[in-house]
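Working notes, structure below.
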Amino acid sequence: MAKVLVIEDEENLANNLADKLRAEGYTVAMAGDGETGLDKIRGDQHPDLIVLDIMLPKLDGLSICRMVRHDPATAHIPIIMLTARGTEVDKIIGLESGADDYLVKPFGLGEFLARVRALMRRGMGRPRMEQDEMESEDLRLNLTGRRVFKGQDEIKLSNKEFDLLTELMRNRNAVLSRDLILTKVWGYDYFVDKRTVDVHIRWLREKIEDDPSNPKRIVTVRGVGYRFEG
Ligand code: CA
């Protein structure tokens with residue numbers, strides 16, 4: 001059963017979210033401050049999804065988010081951020097935080113559940129090993145073997161190209177910002193120029209697109225990043 005960790009210091013809201021999640025069949029863990037939240041994230045059983053308030057006692061949500069992304073053991077866990085102020089949205093949308101989605105308070109519980117379901121469906125909450133193959137039209141990617149096929153032909157990719165394609169396909173039809181791609185593919189330990197992403201996208205297109213100058217699979221979303229269609 002999928003486990004959701006709710007880190008929120010407003011008790012009423014936290015309880016409402018927990019009730020709604022439980023009614024949907026999720027297992028729920030809760031934390032009322034940032035430090036407790038981080039402990040629970042790093043505990044023996046990682047949550048499959050984290051609902052994370054920004055303003056929290058002891059440790060704020062944006063810091064937690066960065067720490068989660070920084071740690072390879074937790075980097076894959078999807079995060080929905082909650083914010084009380086529209087002014088904070090810029091920070092989240094810039095995805096410098098590494099959040100996957102956000103909601104501005106007050107929000108409807110129906111909307112909340114829809115976002116949770118969407119992230120769970122994307123499979124981002126599953127440990128990387130569980131999903132072994134991903135397909136899109138004639139493109140097939142084998143995760144454990146780290147091999148990619150286009151039709152019958154195997155395509156040779158560098159390690160980074162493979163990781164990049166995996167990240168794009170795992171989040172297919174969603175826009176990924178350069179920052180998010182850098183975080184997930186290169187990790188926070190690397191101080192890499194954002195243009196590195198563009199260069200690797202270009203190399204990848206040359207290998208997987210029918211017409212690399214007119215890409216249909218990896219499309220550019222102007223001013224934001226890239227989206228894998230399929
Ligand atoms: Ca709060």
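A few points about this structure:
- Enumeration of residues in segment 213-230 that are in contact with a Lys or Arg (Cβ under 9 Å, 6 or more places away or on another chain) and closer than 14 Å to residue 139 by Cβ: 215, 217, 218, 228, 229, 230
- Pairs with Cβ under 8 Å, 6+ apart, first in segment 7-23 and in the same structural domain as residue 116 (by TED's automatic domain parsing) and among the acidic types (Asp, Glu), second in a loop (DSSP other than H, G, I, E, B) and within 15 Å of the ligand (Cβ to nearest atom): 8/32; 8/56; 9/32; 9/33; 9/55; 9/56; 9/57; 11/32
- Filter pass, residue 72 being within 16 Å of the ligand (Cβ to nearest atom), in contact (Cβ under 8 Å) with a residue 40 or more places away in the chain and open to solvent by 10 Å² or more (accessible area, probe 1.4 Å): no
- Tally, over segment 38-62, of residues that are within 16 Å of the ligand (Cβ to nearest atom) and at pLDDT below 90: 1
- In segment 2-9, the count of residues that are away from the ligand (no atom under 16 Å from the Cβ), touching a strand residue (DSSP E or B) at 6+ places or on another chain (Cβ under 9 Å), more than 22 Å from residue 181 (Cβ to Cβ) and not aliphatic (A, V, I, L, M) is one or more.
- First in segment 162-179 and in a loop (DSSP other than H, G, I, E, B) and open to solvent by less than 10 Å² (accessible area, probe 1.4 Å), second anywhere and modelled with pLDDT of 90 or more and not small (Gly, Ala, Ser), Cβ under 9 Å, 6 or more apart: 171/227; 171/228
The values are calculated or read from the model by the stated rules, or taken from the named source; none is laboratory data. Because the structure is a prediction, the values reported are computed rather than measured. Positions of Cβ are generated from backbone atoms using ideal geometry, with glycine treated the same way; all protein chains shown enter the neighbour counts. Ligands, DNA and RNA are stripped out before the accessible areas are found, and what is left, the full protein with its side chains, is counted by its heavy atoms. Shrake-Rupley method; radii C 1.70, N 1.55, O 1.52, S 1.80 Å.
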